1. How much solvent-accessible surface does residue 370 expose, in Å² to the nearest 10, with a 1.4 Å probe and all protein chains in place?
2. Check the straight Cα-Cα distances from residue 405 and name the lysines below 25 Å, setting aside those fewer than 8 residues away within the same chain.
3. Carbon and sulfur: what percent of segment 346-386's accessible surface (1.4 Å probe)?
4. What length, rounded to one decimal in nm, is gained on full extension from residue 364 through to residue 32, with 0.36 nm per residue of separation minus their alpha-carbon distance?
5. Please give the contour-minus-distance gain from residue 252 to residue 376: 0.36 nm per residue of separation, less the Cα-Cα distance, rounded to one decimal in nm.
6. Quote the relative contact order of the chain in percent (integer), defining contacts as alpha-carbon pairs under 8 Å separated by 6+ residues.
7. What is the Cα radius of gyration of the chain over 2.2 N^0.38 Å, N being its residue count?
8. Which whole-number value in Å² is the accessible area per residue of the chain, probe 1.4 Å?
Amino acid sequence: MQSMNQNQYGTGEQDLFAPGEEGGICLEDVFTAYFDCRRHKRGSYNALAFEYDYERKCVDLWKAINAGTYRPLRSIVFIVTHPVLREVFAPSFESRVVDHMIASKIEPLLEKQFIEDNYATRKDKGTLYGINRIYQHIRECSANYTQDCYIMKLDIRSFFMSLPKQMVHRNMEKFIIDNYHEKDLPALLFMLRSILLDNPEQHCVRRCPRSKWKDLPPDKSLFNSDGKHGLPIGRLTSQLSAAFTLDPLDHLITEDWGIKHYGRYVDDMVLIDRSEDRLLEIKQRIYSWLSERGMELHPKKMYLQHYTKGVNFIGGRIMPGRLYIHNRSLGFAFDKLIMWNKLAESNENFAKEHAEQYIAVLNSYLGMLRQYSAYNQRRKLIKNIGKEWWNVMYIQGHLEKAVLKKENSILRCPW
């Protein structure tokens with residue numbers, strides 16, 4: 001039988017923090033993080049495996065953190081092609097629980113620190129919010145499209161892979177020490193250090209063949225890292241740390257350097273100003289700031305144009321007076337529908353058995369398209385619905401919503 005601190009994480013070391021007392025985390029925090037994490041991943045294999053004996057596993061995790069023996073378990077790494085080719089490290093379910101526990105403690109602090117126009121990994125923000133904010137910034141800077149202004153878009157080369165781990169950890173740790181005043185501060189710092197300074201590429205499982213990496217640029221993979229740079233894409237803590245790392249730059253741009261119209265989503269930055277020369281000057285300042293921290297602007301992803309030319313930003317195309325969805329984002333929707341159509345064609349019962357799931361997917365795309373000037377795109381999307389699906393659904397309103405048909409109801413295809 002395992003001793004109090006002897007489990008999969010360690011070998012019975014003395015507790016660093018007394019559980020639930022000064023310095024240690026509370027067991028309730030672990031269970032809260034588990035239930036929060038499970039809500040989004042309950043159908044996955046790792047979540048089901050953890051759930052089978054979740055009480056014991058949560059207690060073991062609690063003990064390991066307070067004993068100082070916790071180490072991140074191995075991740076599953078794979079290559080994704082949409083929206084772009086990239087390497088993703090999917091952490092174990094247990095690691096997700098730790099990420100959620102850390103996030104619950106530091107997100108309120110980060111919210112107070114971040115500027116309004118930092119859009120990624122934040123509640124009530126995200127891509128659509130960011131697109132609309134940039135749209136409003138352009139409108140304000142151009143005085144409702146009556147005066148000249150210019151848009152500059154910048155991107156950091158291999159952002160996640162170029163982040164210096166020690167610098168990220170040092171800055172995060174100082175921020176937390178200065179702003180977090182709960183008794184479990186030592187345990188929180190221990191968890192954060194264990195994750196940020198981990199090298200997941202050294203203890204991971206590849207879910208796809210090595211040949212999948214041949215088209216990925218070397219500087220976009222942790223397997224080519226020196227071990228001192230790079231955070232794994234796929235972890236919540238990586239996203240929060242990345243957002244925090246560029247926060248000082250956000251404040252410099254908007255407060256010290258006088259750019260009132262600005263927005264950032266991860267490492268995609270958009271600056272709007274009435275002076276083209278002013279934007280080029282700020283670009284050089286940004287370049288210098290990044291260089292001092294081991295990062296650099298992507299030389300081929302710099303955009304500077306008059307506002308009438310518009311700008312692509314996080315899946316949308318922002319033009320004077322209107323918003324369009326980016327062709328790439330629209331293409332993903334059509335690809336998804338084609339896949340569902342083929343499945344329905346190959347099995348006569350597939351549409352009936354998967355109607356609710358299909359309608360949920362379709363409505364998510366229709367809801368997204370309603371946020372843009374995209375009526376024709378919605379019409380085209382609905383035209384591409386396979387004939388098998390019209391036996392189980394119909395379109396409600398003005399091409400607005402797919403609805404599940406009642407049994408034996410009359411077929412209602414708008415075409």
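The values are calculated or read from the model by the stated rules, or taken from the named source; none is laboratory data. Everything numeric in this text was worked out from a predicted model, so none of it was measured. When we count neighbours, we look across all protein chains shown, and the Cβ atoms used for this are built from the backbone with ideal geometry, even at glycine. Accessible surface is based on the protein model in full, side chains and every heavy atom, while ligands, DNA and RNA are left aside. Shrake-Rupley method; radii C 1.70, N 1.55, O 1.52, S 1.80 Å.
1. 110 Å²
2. List returned: 336, 342, 352, 380, 383, 387.
3. 39 percent
4. Residue separation times 0.36 nm, minus the Cα-Cα distance, leaves 116.6 nm.
5. Going from the current span to full extension adds 40.5 nm.
6. After rounding, I find 18 percent.
7. Against the compact-globule rule of thumb, the ratio is 1.12.
8. For the chain, the solvent-accessible area averages 51 Å² per residue.
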